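> Dropping the structure in here first, questions after.
The values are calculated or read from the model by the stated rules, or taken from the named source; none is laboratory data. Please read all numbers here as calculations on a predicted model, not as lab measurements. Ideal geometry is used to build each Cβ from the backbone, glycine not excepted, and the neighbour counts take in all protein chains shown. SASA here: full protein model, heavy atoms, side chains in, ligands and nucleic acids out. Shrake-Rupley method; radii C 1.70, N 1.55, O 1.52, S 1.80 Å.
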Amino acid sequence: QVQLVESGGGLVQPGGSLELSCAASETMLSFGTVGWYRQAPGKQRESVAHIISGDFPIYADSVKGRFTISRDPAKNMVYLQMTNLKPEDTAVYYCNVIHRVSKRAYWGQGTQVTVSS
């Protein structure tokens, strides 16, 4: 059973920055896809950014140029660097991975990001 633990959320003013971290319980080499999703109140969960099989990152149009996804296989970590945050970025952010062999998806518990003045 893969466990994912997110951290780094919080309250930030518009225009500010945050970095989210996701720690996995096993090596990142086990996962073909790693990514971040978010869910705002009353809205469906949406993809923010992900990396498939080590290829170039893919971003939602709403975050292009502001968010950067990265991973550190040596530390079993996935990161989401968020800059120029906007109130509409307010949501619970979830880390997601898909196991390379089983194709099973795993989710973290989520971390709250609130952008407000």
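> Would you please list the contacts, defined by Cβ atoms under 7 Å and residues six or more apart or on different chains, that run from a residue in region 94-117 that is under 20 Å from Gly32 (Cα atoms) and assigned to a loop (DSSP other than H, G, I, E, B) to a residue that is of a type outside the set (A, V, I, L, M) and open to solvent by less than 70 Å² (accessible area, probe 1.4 Å)?
Once the first residue is under 20 Å from Gly32 (Cα atoms) and assigned to a loop (DSSP other than H, G, I, E, B) and sits in region 94-117, its partners that are of a type outside the set (A, V, I, L, M) and open to solvent by less than 70 Å² (accessible area, probe 1.4 Å) give Arg100/Ser30; Arg100/Phe31; Arg100/Gly32; Gly108/Glu6; Gly108/Cys22; Gly108/Tyr94; Gly108/Cys95.
> Right, here's the next one. Which residue pairs have Cβ atoms under 7 Å apart, sit 6 or more places apart or on different chains, and have a first residue in region 61-77 that is at pLDDT below 90 and a second that is assigned to a loop (DSSP other than H, G, I, E, B)?
Close Cβ pairs satisfying both conditions: Pro73/Thr27.
> Working only within region 1-17, note down all residues that are within 16 Å of the chain's Cα centre (by Cα) and not β-branched (Val, Ile, Thr).
Gln3, Leu4, Glu6, Ser7, Gly8, Gly9, Gly10, Ser17
> Can I ask one more? Is it the case that Pro14 is surrounded by 13 or more Cβ atoms within 10 Å (Cβ to Cβ) and touching a Pro at 6+ places or on another chain (Cβ under 7 Å)?
Judged against the criteria, Pro14 is a match.
> For the subset of region 71-117 comprising residues that are among the charged types (D, E, K, R) and within 24 Å of Ser17 (Cβ to Cβ), which member is least open to solvent (accessible area, probe 1.4 Å)?
The qualifying residue least open to solvent (accessible area, probe 1.4 Å) is Asp89.
> Additional query: In this structure, does Glu6 turn out to be farther than 22 Å from Gly65 by Cβ, surrounded by 13 or more Cβ atoms within 10 Å (Cβ to Cβ), of a type in the set (Asp, Glu) and at pLDDT below 95?
It is false that Glu6 is farther than 22 Å from Gly65 by Cβ, surrounded by 13 or more Cβ atoms within 10 Å (Cβ to Cβ), of a type in the set (Asp, Glu) and at pLDDT below 95.
> Can you pull out every residue in region 34-53 that is open to solvent by less than 50 Å² (accessible area, probe 1.4 Å) and over 12 Å from the mean Cα position of the chain (by Cα)?
Ala40
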